[in-house]
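See below for the structure under consideration.
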Amino acid sequence: MGFYRDRAELERVMARLFERLMRTADIAGPLTRTGLVVRFRYPDLDSVLTFDLKHQPPEFRTDPSGNADVEMVQSSDTAHEFWRGKLNPVRAIATGRVRARGDVAGALKLLPAIRPAFGIYPEVLTELGLARSAESGEKRRRFSFDFRRWLRKRHTLDLRRVADDARPPRAPEPSVPRTEARALPVEEKELRLEMLRRMWLIREFEEQLGAEWQSGGLPTAAIHLSSGQEAVAVGVCFALENDDVIATTHRGHGHMLAKGAPADRMMAEIFGKEPGLCAGKGGSMHVTDASIGAIGANGIVGASPLLALGAALAFQQRKEPRVAVAFMGDGATNQGMFHEALNLASVWQLPVLFVVENNGYGEFTPQSGSTRIEQLATRAAAYGIPGVRVDGNDVGAVHRTALELVRKARSGGGPALLECVTYRWHGHMEGDPGSYRSQAEVEAWKAKDPCRALAEALGKDADGLEEGARGEVSAALDFARSASEPAVSSRITHVFSPEPERPEPTTARRTEMLTASAAINRALREELTRDTNVMLLGEDIALGGYLAVTQGLVDEFGRERIRDTPISENAILGGAVGAAMNGLRPVAEILFSDFLTVCADPIVNQAAKLRYMSGGQYSVPMVVRTPGGAGLGMAAQHSQCLETLFMNIPGLIIAAPGTPRDCRALLKTAIRSDNPVLFFEHKLLYLTEGPVPVDEELAPLGVARVVRPGKDVTIVALSYMVQVALEAAQELAPRGIDVEVIDPRTVVPLDHRTILESVAKTRRLVTVEESPVRGGFGAEVVARVAAAAHGMLAAPPVRVGAGDHPVPYNKALECASVPDVARVVSAVEACLRIEKM
Ligand SMILES: Cc1ncc(C[n+]2csc(CCOP(=O)(O)OP(=O)(O)O)c2C)c(N)n1
């Protein structure tokens, strides 16, 4: 039972509290100056209270009448906690304990003024004789410390103190059920009735969802509805086959329903429930259903054209007669990703249709504020593809045009841009008052209701369809409300796709000397030969690429599998993601690691997250190869090592091998992996020779290699720094200092066990990386060692890395900036000196 016995008790307390607050000048003054109308809803006690600070004098009301600037939906116990000053309001909003709507930022600004009220609330409870259990449920924790036990533990390794990184599971994880595909009617009249049925379904879905959001029933602050745009979704999706795919946006419920997603599981997903289409991991902005050919709604404006581009690439490459459609808003056409996608789709003549739902606004800004172009379809001309503009409220016109463009794309005629002019009836998201457009404008568009227009055209035959849709959506709502919550433990599933076979470490017998460049080239050749789904894409790779790593591959595998791209890093990686989701194993090359910042979205928000957000429906088996590092006099924008920039993003595997042998063995495993792998290659390693097994070798991802055994100091070195560390070890050996060198090979997952075992033996740790040490790889290693083995260290760990400045151009400055053998030697000496003291 909660703190308050019933609604009357809660309202009595709040009324008295309000009265006391208004009598306290220090509190009342700042509160009333805001002029806000703040509403509190307590669904557990069916109570709605309003603090009307606009009213003169301020008023406390217990009825829900009138507008409010901000609404807080919460349980009465949460309110009790708040007024006792025990609730962190921002975190409560973030975690959904308090669902806030409207001017939330304004309401949060009230907090400093409200804080003194926390002292008044207990007084109010006492005044009303309710002080009874104000402190109930709170337990005092006692801190006890067993010093002897701590001393005993000091000199042992405690692996439990370091959490393992998420790793690809070996066995499949529970996956969401498939939706059964439904064929569309062939006969014209039946088809039009089905169109209307689906349009009403979308309308009802959005309207009932909006009402649910208003009542505080949804666990999200952001719901984007598409009422008014139904004809676009249905007109386009009805022109597609079941196995054609759609990529959609934050405003994607309608597209999903039009393509055949079930309303009940869509609704359950938006409620975040376990039977939801993505098991509650995607939600409204990322909902998807692979079995109906949806490759995801997407919260990133401009991402959908790239994912559709990639899907179309997979279809073309595998010679499948399928088409991909990207839905997007007019605002998305101002994104670079949109332009890269259209250009590349045109260059490769891919079977993709880009559909712009032009509802006149990108968020709160009208089209005229974002572009001087009036007809967005004309943008197609810049890429040499057809651009067609239609009335997006006329489902027949949308359908006829989409059919024609889809047919053309399917038969090899290339991509097209379809602009559908329409309007969204609601604000950008629920809670948006839409003050940037006039009521007259909204009403004028409502008069052009696409659902009613079709219903009128169909006459009596359309009777009952609207009611039918209403009933279906009510049932979907009931289903979603009563559906179970996902188990909390499910939050850690579907981070990675399973990798049933993990190659075991091997000992090479016959070897030959190869540079890393040649070793990588060999790995690519071997994997291209083994699997026809493997393909390469990147700038100038057919000629070998800037650093000649892919030399000669085009002669063997042809220009379809070794694809040169325009200078469009987003299209390269976004396309690779879409292709990987649809059956290819793309190996994309980003010319220099520094350029990863130009195309971070496909890595960070797409590749790393699409499996997770889809509840395990999709895998993203792609590799991004990219050279990094200083040493070639290319200065600050062509010399960085950026491995650690991505270390903080769950869902990525990050490899950075330090020897030619591992460049080959690890790349081969990366290509076979069902997960996205960032594969960092060091430019200086390209030129470095080392022994590489003649026979095939695969290296496990997430397992470090002890490249030199030793007993005095552990050096953990990353990428090319492995070579520097080996040289340092060699220099120290004649002085009787025996260094163990560890190459982690993958930064994520990081094999800290191998490192810890080494440190347990040597009791001294040096980390070496080429990037600045702040927030870097060495910091992570030291943190794990400190946690699991701090008592075992005979000296403080030493981190060796670049200075805290960009890589300079001048050779002497460049050399002084990155770690060299001398610096590693002195770091080792420093470790040893400290113990002697
Ligand atoms: C890359 C990116 N920038 C900004 C946003 C914030 N945002 C979400 S929706 C939206 C407006 C998109 O407008 P439009 O493409 O016309 O689609 P509509 O909302 O009209 O359907 C914006 C700016 C985002 N989600 N992603």
Cα-based Rg/(2.2 N^0.38 Å) for region 608-747, rounded to two decimals, is 1.15
For the chain the mean separation of alpha carbon contacts under 8 Å (6+ apart) over residue count, i.e. relative contact order in percent, is 11
Non-local residues with an amide H under 5 Å from the amide H of residue 70, with H modelled 1.01 Å from N and Pro and chain starts lacking one, are 37, 39, 103
One would report the Cα pair-distance distribution of region 500-609, bin width 5 Å, in %, as 2, 11, 19, 21, 19, 15, 9, 4, 1
Gyration tensor on Cα atoms of region 1-135, a ≥ b ≥ c root eigenvalues, a/c under 1.5 rounded, else prolate if a/b beats b/c, else oblate, says rounded
One finds the C-alpha centres of region 429-443 and region 384-427 to be spaced, in Å, by 26
Row for region 523-586, column shape: gyration tensor on C-alpha, a ≥ b ≥ c, rounded if a/c < 1.5 i.e. under 1.5, prolate if a/b over b/c, else oblate; value oblate
Output ordering of 167-175, 54-62, 536-544, 242-250 (per-residue mean of other Cβ within 10 Å, highest first) is 242-250, 536-544, 54-62, 167-175
Residue by residue through region 517-534, the couplings from Karplus 6.51 cos²θ - 1.76 cosθ + 1.60 with θ = phi - 60°, in Hz, x for Gly and Pro, are 4, 5, 5, 5, 4, 5, 4, 5, 4, 5, 6, 5, 6, 6, 9, 6, 7, 6
Checking region 348-400 for GluC sites (Glu not before Pro) in a loop per DSSP with at most 14 other beta-carbon atoms within 10 Å yields 363, 374
Ordering 461-467, 201-207 by per-residue average of other C-beta atoms within 10 angstrom, highest first, gives 201-207, 461-467
The answer for residue 247, listing residues at least 5 apart or on another chain whose modeled amide H is closer than 5 Å to its amide H, is 295, 325, 326, 327
From the Cα centre of region 32-87 to that of region 698-736, the distance in Å is 63
Diffing region 771-776: the Karplus 3J(HN,Hα) column from phi (6.51, -1.76, 1.60, θ = phi - 60°), in whole Hz with x for Gly and Pro, holds 8, x, 6, 5, x, x
Listed by chain and number, the residues whose amide H is under 5 Å from that of residue 705, excluding neighbours fewer than 5 places away on the same chain and using placed H, are 743, 745
Rounded to 0.05, the calculated FRET efficiency for the beta carbons of residue 485 and residue 597 at R₀ = 51 Å is 0.85
Given pairs 259/408; 54/281; 109/609 and cut-off 31 Å on Cα-Cα distance, the over-length ones are 54/281; 109/609
The lysines whose Cα lies under 21 Å from the Cα of residue 668, excluding any fewer than 8 residues away in the same chain, are 683
In units of 2.2 N^0.38 Å, the Cα radius of gyration of region 573-681 is 1.04
quick shape note, the chain: Cα extents on principal axes in Å, largest first -> 89, 76, 48
Taking 14, 721, 266 and counting other beta carbon atoms within 10 angstrom, the fewest-first order is 14, 266, 721
Karplus ³J(HN,Hα) for region 328-333 (6.51 cos²θ - 1.76 cosθ + 1.60, θ = phi - 60°; Hz, whole; x = Gly/Pro) runs 7, x, 4, x, 5, 6
Where a ≥ b ≥ c are root eigenvalues of the Cα gyration tensor, a/c under 1.5 meaning rounded, otherwise prolate if a/b exceeds b/c and oblate otherwise, region 515-557 counts as oblate
Assertion target for 39, 522, 318, ordered by fewest C-beta neighbours within 10 angstrom first, is 318, 522, 39
Per-residue Cβ contact counts at 10 Å, fewest first, order 388, 162 as 388, 162
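Since every read-out is calculated from the coordinates, none of them should be taken as a lab result. Everything numeric here is computed off the predicted structure, so don't read it as measured data. We place every Cβ from the backbone using ideal geometry, glycine too, and count neighbours over all the protein chains shown.
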